[in-house]
There are 2 protein chains.
Amino acid sequence: MTFDPATLTFTSDGLIPAIAQDAVSGDVLMMAWMNADAIARTLETGRVTYWSRSRQAFWVKGESSGHVQKLVDFRIDCDRDCLLVLVEQTGPACHTNRRSCFYTAVREGAEVELMKPVE
Amino acid sequence: MTFDPATLTFTSDGLIPAIAQDAVSGDVLMMAWMNADAIARTLETGRVTYWSRSRQAFWVKGESSGHVQKLVDFRIDCDRDCLLVLVEQTGPACHTNRRSCFYTAVREGAEVELMKPVE
């Protein structure tokens, strides 16, 4: 079946959450948002492109930092309201310079830092 | 630092997305939503509990199906607006009886089914 982004369920703002997972390690790296055009650009270019809600602009991941995400596989969930992109991540995914944005755990009621910024 | 759910960023509906990842295989299983009370229940009981937007009620994952999620680790992202729960998943996570909700890939413009429902 041909994929048509119009068959996805977007929020009232025209967005859909996209989870980025490291295709090699399996680590969940980050979650950001795409709109229909960002999805089309991601599939066409093979470079993961989000929609920045704060800047209201396309966000080609790594365009300024060099920490690009090369698309390895693009997946849709059962409800068609969430995306999973498997990526080849160059450098850290997080703007704090950590490998993953999910570097804080909650254990026994306290926050624990799991990762330090990479050098 | 003591964890306080009030320090998280919720949507205007009081919700935060929660990604569930299989703690053993690393597979991303599903994405659903929690509110502050669902977070508290998840941490207190060790059974992953979402907020069902359609039913407007707590959704103790697997309560009716038996396909429960035992909490292994609870993580927060850098922006504090997304959660990652590592889980021990009993049975399939998806309501379609597939291991993961992300069973559809988009490859060369076409949708490809990656997983069949488990027997």
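The values are calculated or read from the model by the stated rules, or taken from the named source; none is laboratory data. Quick caveat, the model's predicted, so the values are computed rather than measured. Glycine gets a Cβ as well: all are built from the backbone with ideal geometry, and neighbour counts include every protein chain shown. Keep in mind that these areas ignore ligands, DNA and RNA; they rest on the heavy atoms of the full protein, side chains included. Shrake-Rupley method; radii C 1.70, N 1.55, O 1.52, S 1.80 Å.
Overview of values
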{"quantity": "Count of region B:1-20 residues which are surrounded by fewer than 17 Cβ atoms within 10 Å (Cβ to Cβ), part of a loop (DSSP other than H, G, I, E, B) and at the interface with chain A (Cβ under 10 Å from one of its Cβ atoms)", "calculated": "3"}
{"quantity": "Evaluation of B:GLU63 against (1) open to solvent by 40 Å² or more (accessible area, probe 1.4 Å); (2) at the interface with chain A (Cβ under 9 Å from one of its Cβ atoms) (one fails), failing number", "calculated": "(2)"}
{"quantity": "Qualifying residues in region B:21-38 (those that are in contact (Cβ under 8 Å) with a residue 60 or more places away in the chain and open to solvent by 40 Å² or more (accessible area, probe 1.4 Å)) - the one farthest from the chain's Cα centre (by Cα)", "calculated": "B:VAL24"}
{"quantity": "Residues of region A:74-119 classified as closer than 19 Å to A:PRO17 by Cβ, in a strand (DSSP E or B) and among the basic types (Lys, Arg), total", "calculated": "1"}
{"quantity": "Pair list, Cβ under 9 Å, 6 or more apart: region B:63-77 residue of a type in the set (Gly, Ala, Ser), other residue in a strand (DSSP E or B)", "calculated": "none"}
{"quantity": "Scan of region A:54-67 for residues that are more than 11 Å from the chain's Cα centre (by Cα) and over 30 Å from B:ALA6 (Cβ atoms), ordered by number", "calculated": "A:ALA57, A:PHE58, A:GLY62, A:GLU63, A:SER64, A:SER65, A:GLY66, A:HIS67"}
{"quantity": "Test set (1) touching a strand residue (DSSP E or B) at 6+ places or on another chain (Cβ under 9 Å); (2) more than 27 Å from A:ARG99 (Cβ to Cβ); (3) not polar (S, T, N, Q) - B:ILE39 fails condition number", "calculated": "(2)"}
{"quantity": "Positions within region A:71-113 being of a type in the set (D, E, K, R), within 14 Å of the chain's Cα centre (by Cα) and under 21 Å from A:PHE10 (Cα atoms), in sequence order", "calculated": "A:ASP73, A:ARG75"}
{"quantity": "So A:SER54, is it within 11 Å of another protein chain (Cβ to nearest Cβ), modelled with pLDDT under 95 and out of contact with any helix residue (DSSP H, G or I) (no Cβ under 8 Å at 6 or more places or on another chain)", "calculated": "yes"}
{"quantity": "Number of positions in region B:66-119 that are more than 7 Å from chain A (Cβ to nearest Cβ) and at positive phi", "calculated": "5"}
{"quantity": "Selected residue [within 30 Å of B:SER52 (Cβ to Cβ), open to solvent by 40 Å² or more (accessible area, probe 1.4 Å) and among the basic types (Lys, Arg)] from A:ARG75, A:ARG41, A:ARG47", "calculated": "A:ARG75"}
{"quantity": "B:PHE58 touching a Phe, Trp or Tyr at 6+ places or on another chain (Cβ under 9 Å) and surrounded by fewer than 17 Cβ atoms within 10 Å (Cβ to Cβ)", "calculated": "yes"}
